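Note sheet for the following structure.
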Amino acid sequence: MKKYLSFLILTFLISIPLGFAAEAGEKGSQKEVRAVYTDKGAPENAYHLSQFIGDVEDLEFDEGCAENARVGETCVRFNYKAAGNHGWVGAYWVNPPANWGDERGGYDLREAKKLTFWARGEKGGEHIAVFRFGGFKGLFSDTDIHGIGPVVLTPEWRQYVIDLDCRNMRYISAGFGFCVSKNYNRQGCVFYVDDIKYE
């Protein structure tokens, strides 16, 4: 378990572009999109915000935040307190819920070309070490790991794109995730994400 947690910590804190996708099929001339998050409890949400690592007690979240949602009725609000001993916290949307790679449930996302999502900070200047997908190891390991970061947020919604070219998206159970650290957010921070999907 200690070796596994060390691996997760290293992959979270590594400052390289790291991402995640969707099973796509043809529907007329448009490709079907697999959503990670559109609204709280939306039936099209394919992944679940249920896995946390690091100073998990430092992170509060509200998946049904109606405060200035980017699309639909809700967005996800995160409040990072920056008080724990690890100095960082990470969160993941996964499938099935509470999966660390030991259960079957990921998706074949090879038809997706990009992962898009919207994010904003409460004040601006909030520093996110990485937004990413993949990287879980276990009986049903993810076939890739990728993302972007560091990202400094603005108080306005901004769309971010993770290019999936040359990524092995055959099986991804660790959908979307992020890591935020105390080093760059000494007083903690509040930020929001919305409309996370694979296209």
Between the stretch 124-199 and the stretch 85-114, what is the separation of their alpha carbon centroids in Å? 11
Net length gained if the chain between residue 83 and residue 156 were fully extended (0.36 nm per residue, minus Cα distance): 23.6 nm
Projecting the Cα atoms of 174, 162, 131 onto the charge dipole of the stretch 97-199, where Lys and Arg contribute +1 and Asp and Glu -1 at Cβ, the residue farthest towards the positive end is 131
Starting with the highest mean, order 143-154, 122-133, 60-71, 78-89 by the number of other Cβ atoms within 10 Å, averaged over the residues of each peptide. 122-133, 143-154, 78-89, 60-71
Tell me the Kirkwood radius of the stretch 147-190: reciprocal of the mean inverse pair distance over distinct alpha-carbon atoms, in Å. 13.4
Mind checking the full-extension length gain between residue 168 and residue 98? Use 0.36 nm per residue of separation minus the Cα-Cα distance, one decimal, nm. 22.9 nm
Assuming 0.36 nm per residue, please report the length gained on full extension of the stretch residue 114 to residue 66 beyond their Cα-Cα distance. 14.6 nm
Quick one: which of 81/114; 113/182; 40/137; 137/197 span more than 26 angstrom between C-alpha atoms? 81/114; 113/182; 40/137
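Read-outs: derived from the displayed coordinates by stated rules, not from any lab. No experiment lies behind these values; they were computed from the predicted model shown. A quick note on method: Cβ atoms are made from the backbone with ideal geometry, for glycine too, and the neighbour counts reach across all protein chains shown.
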